[in-house]
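Some notes on the structure that comes next.
The values are calculated or read from the model by the stated rules, or taken from the named source; none is laboratory data. All figures in this text were calculated on a predicted structure; none of them were measured in a lab. Using ideal geometry, Cβ is built from the backbone for each residue, glycine included, and neighbour counts are taken over all protein chains shown. For the accessible areas, the whole protein counts, side chains as well, though only heavy atoms, and no ligand, DNA or RNA atoms are used. Shrake-Rupley method; radii C 1.70, N 1.55, O 1.52, S 1.80 Å.
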Amino acid sequence: NSSSLNINHACQTLQVPRSGFYTYIKRKPSSRQIENEILKEIIKAIFYDHKERYGSVRITQELYRQGIKVNRKRVGRLLHELCLYAKGSRYKYKYYNRRRSSLTRPNLINQCFQTKGKNEIWLGNLTYIPTKAGTLYLSVFIDIYSRKIVGWAMGNRMQDQLVTDAFNQAYHRERPKEGLIVHTDQGSQYTGARFQDLLRKKKCKSSMNRKGNPYLMESFYKTLKRELVNDAHFASIEQAQLEIFKYIETYYNPKHLHSALGYRSPIEFETNSL
């Protein structure tokens, strides 16, 4: 068939044996690759926990404090791969990251955080919640129009399953029309095949930031941590899950007043605009 012919042609062009090609694609990831993926998630959590102020040196020191001994150059390389750079970095460093970033999807909103109706643009991102029993990761999708949390999911690992669960919850709740723009950062959970295939299946458009959280996501996470997390000192992951569930579903969406919505809650704003 045509796919076999294409593989044959590619192998001949690259002077690679066909058997070697199939051996390569069946090869399992090395322990170093797996370790790097785990490190990336920890580094990303530290980066955002310190409000994008830490570069490779301080993140390396923070890893040491957590009992993780890793070379600073390796941390710097992983930061490059994540397209993350600290505030106040030299322009050359920023420019290097932008050149290195794999812009697999265009930025379709360009910092325009306004729409004429619900379910036209959703913002998605991840954060982490510390507890005395470990770290809880929270994936959230927000509707730009009403600032409502349309979908969320929590777990003790920052994997692509977390963002697909949050998106599926949002999609089944809201039933958006074809063409919904889903705007995220370029984290591996969003650029990965599972999430991108899900968006294509639901006929949604993927849009990505060059770096960091969009303003509305950052604003929500700051509010969540100020109003709930910082003083909670959660004893367990289960306690954190319960309190975050109650915060989103019984307080933030129905009661939290937003100045941008004329001091109305997301649900009140949506209801009055119908």
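Overview of values
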| read-out | value |
| --- | --- |
| Long-range HN-HN contacts of Gly151 with modeled amide H, under 5 Å | Phe141 |
| Derived scalar couplings ³J(HN,Hα) [the range 174-189; Karplus, 6.51 cos²θ - 1.76 cosθ + 1.60; whole Hz; x for Gly, Pro] | 9, 6, x, 6, 4, x, 3, 8, 10, 9, 9, 8, 9, x, 4, 5 |
| Per-bin percent of Cα-Cα distances, the range 122-233 [10 Å] | 14, 49, 30, 7, 0 |
| Accessible surface of Lys201 - all protein chains present, 1.4 Å probe, nearest 10 Å² | 150 Å² |
| Tail beyond 18 Å, pair distance distribution of the range 109-184 (Cα, percent) | 40 percent |
| Long-range HN-HN contacts of Asn125 with modeled amide H, under 5 Å | Val140 |
| Sparse-neighbourhood loop sites, GluC sites (Glu not before Pro) in the range 149-227 - DSSP loop, at most 16 other Cβ within 10 angstrom | Glu178 |
| Cα Rg, Dmax, the range 180-274, angstrom units | 16.2, 42 |
| Rough spin-label spacing in nm, given labels placed 7 Å along Cα→Cβ, for Lys201 and Arg175 | 1.9 nm |
| Gain in span if fully extended, Thr250 to Tyr64, counting 0.36 nm per residue against the direct Cα distance | 63.0 nm |
| Cα→Cβ-extended label distance, 7 Å offset, between Lys87 and Asn272, nm | 3.2 nm |
| Estimated vicinal HN-Hα couplings, Hz - the range 140-149 in sequence order (Karplus 6.51, -1.76, 1.60; Gly, Pro = x) | 9, 10, 10, 7, 4, 4, 10, 6, 7, 6 |
| Linear extension gain, Thr135 paired with Leu257, 0.36 nm per residue minus alpha-carbon span | 41.0 nm |
| Built amide H within the under 5 Å cut-off of Lys205, gap 5+ | Gly179, Leu180, Ile181, Val182 |
| Label-point separation, Arg226 to Arg77 (7 Å along Cα→Cβ), nm | 4.0 nm |
